[in-house]
Each structure stands twice: as structure tokens, then as C-alpha cells.
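Nothing in this text is a laboratory measurement; each read-out follows from the coordinates by a stated rule. Because the structure is a prediction, the values reported are computed rather than measured. Note: ideal-geometry Cβ built from the backbone for every residue, glycine included; neighbour counts use all protein chains shown.
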Ligand code: S3P
């Protein structure tokens with residue numbers, strides 16, 4: 001995905017002030033379209049994330065016969081009308097997941113169970129990301145998936161399984177909601193029960209949304225079980241909470257830019273996602289949660305963040321699934337904290353949209369030479385060192401671009417090459433950044 005843009009972010013001299021309506025949660029937006037496309041009554045989705053990743057999911061399901069109508073120019077309101085659990089149609093062209101690992105991995109599970117073939121591709125980043133982590137377990141269920149690099153990389157194709165899929169118990173070596181969800185979606189169509197056991201529990205949005213569609217999963221420690229499903233009872237409406245992974249940039253910037261005071265509206269605080277709040281508190285951040293409410297089985301709240309004097313902290317594998325996407329934002333914050341921040345157990349970051357551990361080490365050291373040391377599965381960030389301005393790379397990775405912007409705001413400004421990739425998950429990011437500086 002080439003974004004030929006260069007974005008200048010100026011330092012936020014007077015602090016960041018104002019209210020931010022946080023865009024819809026990316027994980028929940030994907031799942032809302034996927035499950036609604038398998039229902040036989042229309043579902044209206046509110047506060048959908050119109051990021052490119054979620055639009056990739058919508059395009060894929062449209063190509064298989066789901067009727068998807070957007071109701072506003074911003075594409076945050078839509079109605080999805082499917083044809084039931086067995087109503088998807090064979091796509092006439094290759095399905096393009098774009099930059100989105102969630103689109104691809106969840107669809108590989110779902111499509112393995114369909115009585116037709118489907119071919120998949122994606123952008124340059126997604127074509128290099130590991131798909132063996134879903135292809136292997138799905139194959140154990142009887143799925144037939146073929147592709148490059150020993151069926152582990154795009155382009156990939158699902159072919160109807162001989163005699164259908166069968167349930168299994170799978171001990172996943174990685175804590176990954178994409179792997180878990182892919183297997184659970186396949187498990188809906190399998191004979192017998194399907195259980196996924198994770199080393200640490202990953203985000204549970206699939207389980208919660210299945211519940212909203214009338215399908216119960218069983219949870220036992222880090223194991224989740226699904227039984228064959230024959231029908232969805234869809235909700236009429238799904239209200240997507242704000243994405244805590246998008247709020248993360250304002251939580252970080254608001255904490256480290258002196259004088260800041262920001263109110264973040266309707267942020268999802270599902271406990272499988274709130275690791276960053278724990279880390280912020282451990283670093284001495286000033287956070288206040290109010291207006292807690294539950295919608296569609298997901299908890300949300302307003303979060304007020306005010307600037308504070310932060311100090312370094314340490315965290316590792318146990319909390320990692322609860323803040324995996326927030327590591328770049330936390331690493332930006334750590335640069336301005338007193339003392340060292342030590343991150344371990346973060347090897348999964350090497351297989352995200354880019355190798356985020358390497359990217360952080362390289363780009364942080366451009367802006368603050370000597371501030372970051374990379375380890376095999378983590379980072380040591382020496383906080384409080386001088387931060388200068390410079391031209392940095394986003395690697396076309398949305399979370400890298402936004403985290404570099406945070407450093408620019410708190411430091412001396414920054415120029416981000418290919419900064420336009422923020423539209424993957426936060427199309428209004430730079431507009432909000434400007435509004436908070438005014
Ligand atoms: C996601 C799961 C996580 C996360 C990604 C979204 C999901 O990936 O990093 O941004 O929606 O299930 P992994 O499952 O690979 O950890």
C-alpha cells in the first residue's frame with residue numbers, strides 16, 4: 001500500500017485541549033459486518049469504523065452477496081443484510097483483504113467451511129505476514145487451503161472440505177484473537193465441538209458478538225468452546241464503541257505534552273483490551289473514567305487524561321495480548337518518562353503490519369539517538385533523553401505513523417514519510433490532532 005505522503009506535525013507548545021469522539025473499534029467493526037452478513041434479518045451498525053481495513057471486510061462480504069448500504073458520507077452508519085448462515089455466494093473475483101490481517105485470518109476460517117472456492121490476496125505487507133498460524137489448525141479440522149510458501153502466505157485459496165469440517169481441541173502456541181476467531185468461525189460449521197486453548201486470553205470480541213447473535217460459547221480458563229450453529233438470531237442494531245487502540249495516541253500525547261487536558265468520548269474498555277490503562281497508571285498518569293455503560297455486550301466509558309510526570313515501568317508476556325497494538329504509543333510515551341521502560345514478551349510485534357520492534361528501535365533513535373535498545377522480544381527505552389526534530393519512516397504502518405506524531409507533538413515536531421497510512425484505522429487522525437492544538 002503506497003501512500004505517497006509526507007506529513008508535518010508541529011510541537012504542541014500550549015498543550016492539547018478538547019474533546020475527542022473516538023472512532024469505532026476496528027476489531028468490533030470487522031466482526032459486526034462478518035456476523036451480520038451471516039444473518040437473515042437486517043442489522044443496522046452505528047459508529048462503524050470507516051478505516052480502510054474495515055472497508056476491505058465490507059467489500060469482501062459484498063462480493064459474496066451481502067447487501068451493505070452506507071447511510072452517511074462518513075460511512076459510519078450502515079445496514080447489512082445477509083442471506084443466513086448458509087447464504088454466502090461464491091465470489092466471482094479474488095477477495096482483497098488489503099492491509100488487514102483480521103479480514104484475512106477470520107475469513108480463512110469462515111470460507112474454509114463454505115461449499116465453494118474463494119481466492120484471497122492483500123497488499124505488499126499482508127502478502128508477507130504469516131498465515132500458517134490459521135492454515136495449520138484449520139487444516140486439522142479438514143479445511144483445504146492452498147497458497148504460496150507451503151500454504152502459509154498470500155495468495156491463498158480455500159476449497160470446499162471433503163465431507164465438511166470436524167471439531168477439534170487446539171492448543172494455540174500464540175495468544176491471538178485472529179487465530180482464535182478464525183477457528184471459532186470455522187467451528188460454527190464443523191461437526192462436534194471446537195475448542196481453542198490460548199497461552200493467555202486474547203480479546204474476546206468474537207465471543208461477545210456471537211452472544212449478541214444468539215450463539216453461546218463456553219469459557220473455561222483460557223479455553224473457549226463453540227458447538228455447531230444452525231441459525232443466528234441477529235440484533236436489530238449494533239453500536240460500536242470507540243477504539244481504545246485509537247484513543248491510545250491521545251492517552252499518550254495527553255499524558256506527556258505539558259498542560260494537556262483531553263476528554264475521550266465513548267472508549268471501549270473491554271477488560272481484554274485495557275492493558276494500556278494499567279501501564280499508564282503504573283507510569284503515574286492522570287486518568288479519570290466516567291459515564292461507564294454497556295452496549296451490545298461491550299463496556300465503554302469517557303476517559304479524561306491530563307498531563308502528568310511519568311516514570312518508566314516494566315511489563316511482559318502476561319499483559320501483552322491486552323495492549324499488543326498499543327506498544328508503539330506506549331513506546332512514544334516512554335521516551336518522555338523518567339527512567340527506563342522495559343518491554344519483554346512482545347515478539348508478536350515482529351509480524352504486525354511491519355516489524356514494529358525494529359521500526360521503533362530505528363525511528364526513535366533518529367529522533368532521540370541512543371534512546372532505544374531492541375532485544376529479541378522487546379525493547380528497552382531510556383526515557384528523558386533529548387528529543388530532536390527529523391524526518392522519520394512510517395513503513396506504511398498506521399500505528400507507527402500515529403505514534404511518531406505523538407513524539408512530534410511532545411518533542412520538537414516531526415516529518416513523517418507516508419504518514420497518510422493512518423487511514424487504515426483512523427482517517428481523521430490529523431484533523432483531530434490539529435483541533436486539539438487550537
Ligand atoms: C485483532 C487481533 C490482534 C490485533 C489486531 C486485531 C482482532 O491481532 O493486533 O490489530 O481484531 O482480532 P492478533 O490476533 O494477531 O494478536
Open item on the list: For segment 70-107, which positions are outside any loop (DSSP other than H, G, I, E, B) and free of Cβ contacts under 8 Å to residues at least 12 places away in the same chain?
Closed with: 70
Open item on the list: So residue 150 passes all but one of these: (1) over 30 Å from residue 319 (Cβ atoms); (2) within 26 Å of the chain's Cα centre (by Cα); (3) more than 16 Å from the ligand (Cβ to nearest atom). Which condition number does it fail?
Closed with: (2)
Open item on the list: Condition first: on the phi < 0 side of the Ramachandran plot, out of contact with any helix residue (DSSP H, G or I) (no Cβ under 7 Å at 6 or more places or on another chain) and surrounded by 13 or more Cβ atoms within 10 Å (Cβ to Cβ). Now tell me which residues in segment 157-173 satisfy that.
Closed with: 157, 159, 160, 166
Task: Tally, over segment 108-120, of residues that are in contact with a helix residue (DSSP H, G or I) (Cβ under 7 Å, 6 or more places away or on another chain) and in a strand (DSSP E or B) - done: 2
Open item on the list: Tell me whether segment 217-234 contains one or more residues that are under 25 Å from residue 405 (Cα atoms), touching a helix residue (DSSP H, G or I) at 6+ places or on another chain (Cβ under 7 Å), part of a loop (DSSP other than H, G, I, E, B) and touching a residue at least 24 places away in the same chain (Cβ under 8 Å).
Closed with: no
Task: Pick from segment 235-255, criterion more than 16 Å from the ligand (Cβ to nearest atom) and outside any loop (DSSP other than H, G, I, E, B), ranking: nearest to residue 82 (Cα to Cα) - done: 237
- [ ] Select from segment 214-234 the residues that are closer than 22 Å to residue 271 by Cβ and either out of contact with any strand residue (DSSP E or B) (no Cβ under 7 Å at 6 or more places or on another chain) or surrounded by 13 or more Cβ atoms within 10 Å (Cβ to Cβ) (or both) and list them in ascending order.
- [x] 215, 216, 217, 219, 220, 221, 222, 223, 224, 225, 226
- [ ] Test residue 258 against the stated conditions and say whether it is within 16 Å of the ligand (Cβ to nearest atom) and in a loop (DSSP other than H, G, I, E, B).
- [x] no
- [ ] Scan 291, 312, 296, 347 and give me the residue that is within 15 Å of the ligand (Cβ to nearest atom) and either in contact (Cβ under 8 Å) with a residue 24 or more places away in the chain or closer than 25 Å to residue 436 by Cβ (or both).
- [x] 347
TODO: Scan segment 275-314 for residues that are surrounded by 21 or more Cβ atoms within 10 Å (Cβ to Cβ), within 22 Å of the chain's Cα centre (by Cα) and within 25 Å of residue 380 (Cβ to Cβ) and report the count.
DONE: 5
Open item on the list: Of all residues being farther than 21 Å from residue 298 by Cα and buried (at least 24 other Cβ atoms within 10 Å of the Cβ) in segment 190-205, which is nearest to the ligand (Cβ to nearest atom)? Just the residue, please.
Closed with: 196
Task: Exclusive hit being away from the ligand (no atom under 16 Å from the Cβ), under 30 Å from residue 307 (Cα atoms) and surrounded by fewer than 21 Cβ atoms within 10 Å (Cβ to Cβ), set 46, 86, 17 - done: 17
